[in-house]
Amino acid sequence: TSKYENEKVSTDQNYKLAECPEMPPDLGPLDIRFVYNTSILKIISQNPNIQHGGRSRPQHCMAQQKIAIIIPFRNRKSHLRTWLYYMHPFLQRQQADYGVYVVEQIEDTLFNRAKLMNVGYAIASKDYDYNCFIFSDVDIIPMDGRNLYRCSKNPRHMANSVDKFNFKLPYSDIFGGVVAFTKEQFIKVNGFSNVFWGWGGEDDELFQRVVAVGLKVDRPDQTIARSRMISHQRDPGNERNGKSFSLINKAYERLHKDGLSSLKYTVIGITNHKLYTKVTVDIGNGE
Ligand code: UDH
């Protein structure tokens with residue numbers, strides 16, 4: 001090797017970024033009003049540091065977690081645009097090393113939010129060495145930058161103070177909206193159940209799984225966890241699941257046989273959009 005190459009190698013080795021701080025600087029309350037009509041092109045131009053597929057990482061420090069954000073999706077284009085508009089700046093200010101995965105269920109089947117989350121986990125894991133998975137509805141936006149979108153010692157429930165519920169927990173075991181799991185935690189609970197078709201119950205079942213494996217749920221302080229939900233009607237194809245109570249009653253029995261261990265799906269397409277990776281998937285129809 002030439003002298004020049006030796007120098008180059010030693011420079012690269014010496015150039016190690018310092019770890020990012022636990023609490024990034026200058027975070028605080030955000031003004032979230034949902035009164036805008038920005039185009040995707042404008043969001044792209046406002047976020048020049050996003051890489052194709054909706055990836056970003058801090059430029060001046062080494063992030064401690066590699067975070068995949070998984071969003072279950074069908075027919076919510078304007079909600080997704082709102083999410084991208086607010087959340088890319090939010091995550092970058094939090095100095096996150098992250099990628100956004102929008103997991104779209106094909107038409108004409110009953111919606112299955114939980115199974116889409118499992119698919120997102122499986123696809124993102126093949127993409128990059130993610131060690132933290134944040135499962136987020138497309139219609140929830142945090143109102144304070146200090147609500148860190150990170151994993152912690154226990155699975156974490158970020159949406160514990162939503163405007164729709166007057167910023168209170170409607171019941172103590174609620175675990176919907178936005179939750180974060182390390183890879184180890186998610187494997188330990190065997191992911192979400194795959195058998196909740198239609199609206200309701202899959203998030204309560206996930207709570208039961210967390211408890212069953214001896215973990216707890218962490219929640220941020222409610223004053224900083226304030227979030228807004230875009231109000232909407234129930235979607236067609238996502239009617240209430242009438243069986244969810246009887247399913248949850250047997251959550252412990254299904255824990256090891258229903259979840260990541262039994263996940264089956266067919267990928268229809270994976271597209272790298274500028275602001276997110278879109279995974280279109282056929283997850284069956286529950287029959
Ligand atoms: N989702 C879709 N498309 C659908 C259904 C659900 O993208 O057709 C996703 C989306 O990310 C959504 C999440 O799944 O944020 C949760 O579904 P949801 O928004 O229907 O659930 P939520 O409990 O609302 O937030 C329930 C309907 C409330 C109707 C109240 C009318 N006043």
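In this entry, Asp173 passes the filter for residues that are in contact (Cβ under 8 Å) with a residue 24 or more places away in the chain, surrounded by fewer than 20 Cβ atoms within 10 Å (Cβ to Cβ), within 16 Å of the ligand (Cβ to nearest atom) and assigned to a loop (DSSP other than H, G, I, E, B).
Would you check which residues across region 113-141 are touching a helix residue (DSSP H, G or I) at 6+ places or on another chain (Cβ under 7 Å), assigned to a strand (DSSP E or B) and within 14 Å of the ligand (Cβ to nearest atom) and list them? Within region 113-141, Phe135, Ile141 qualify. Give me the strands (runs of 3 or more DSSP E) completely within region 207-287, filtered to those with at least 2 residues that are touching a Gly at 6+ places or on another chain (Cβ under 6 Å), ordered by residue number. Qualifying strands (runs of 3 or more DSSP E): 277-282.
Figure legend. Inter-residue proximity from region 206-234: first residues closer than 28 Å to Lys183 by Cβ, second residues of a type in the set (Ser, Thr, Tyr), beta-carbon distance below 8 Å, spacing 6+ or different chains. Indicated pairs: Leu206/Ser193; Gln208/Tyr252; Arg209/Ser193; Ala212/Tyr252; Asp218/Ser152; Gln222/Ser161; Ala225/Ser161; Ser227/Ser161. Once region 221-243 is narrowed to residues that are among the hydroxyl-bearing types (Ser, Thr, Tyr) and at pLDDT below 95, the residue that is nearest to the ligand (Cβ to nearest atom) is Ser231.
For region 63-112, a residue qualifies if it is more than 11 Å from the chain's Cα centre (by Cα), away from the ligand (no atom under 13 Å from the Cβ) and either more than 19 Å from Ser227 (Cβ to Cβ) or among the hydroxyl-bearing types (Ser, Thr, Tyr) (or both), and the qualifying residues are Ala63, Gln64, Gln65, Lys66, Tyr85, Tyr86, Gln95, Asp97. Meeting the requirement of 1 or more residues that are aliphatic (A, V, I, L, M), farther than 30 Å from Glu184 by Cα and modelled with pLDDT of 95 or more, the helices (runs of 4 or more DSSP H) wholly within region 1-108 are 40-46. Criterion applied to Ser78, Ser56, Ser45 was being touching a residue at least 40 places away in the same chain (Cβ under 8 Å) and among the small types (Gly, Ala, Ser), and the one residue passing it is Ser56.
The values are calculated or read from the model by the stated rules, or taken from the named source; none is laboratory data. Not measured: the values here are computed from a predicted model. All Cβ positions, even for glycine, are placed from backbone atoms using ideal geometry, and neighbour counts span all protein chains on display.
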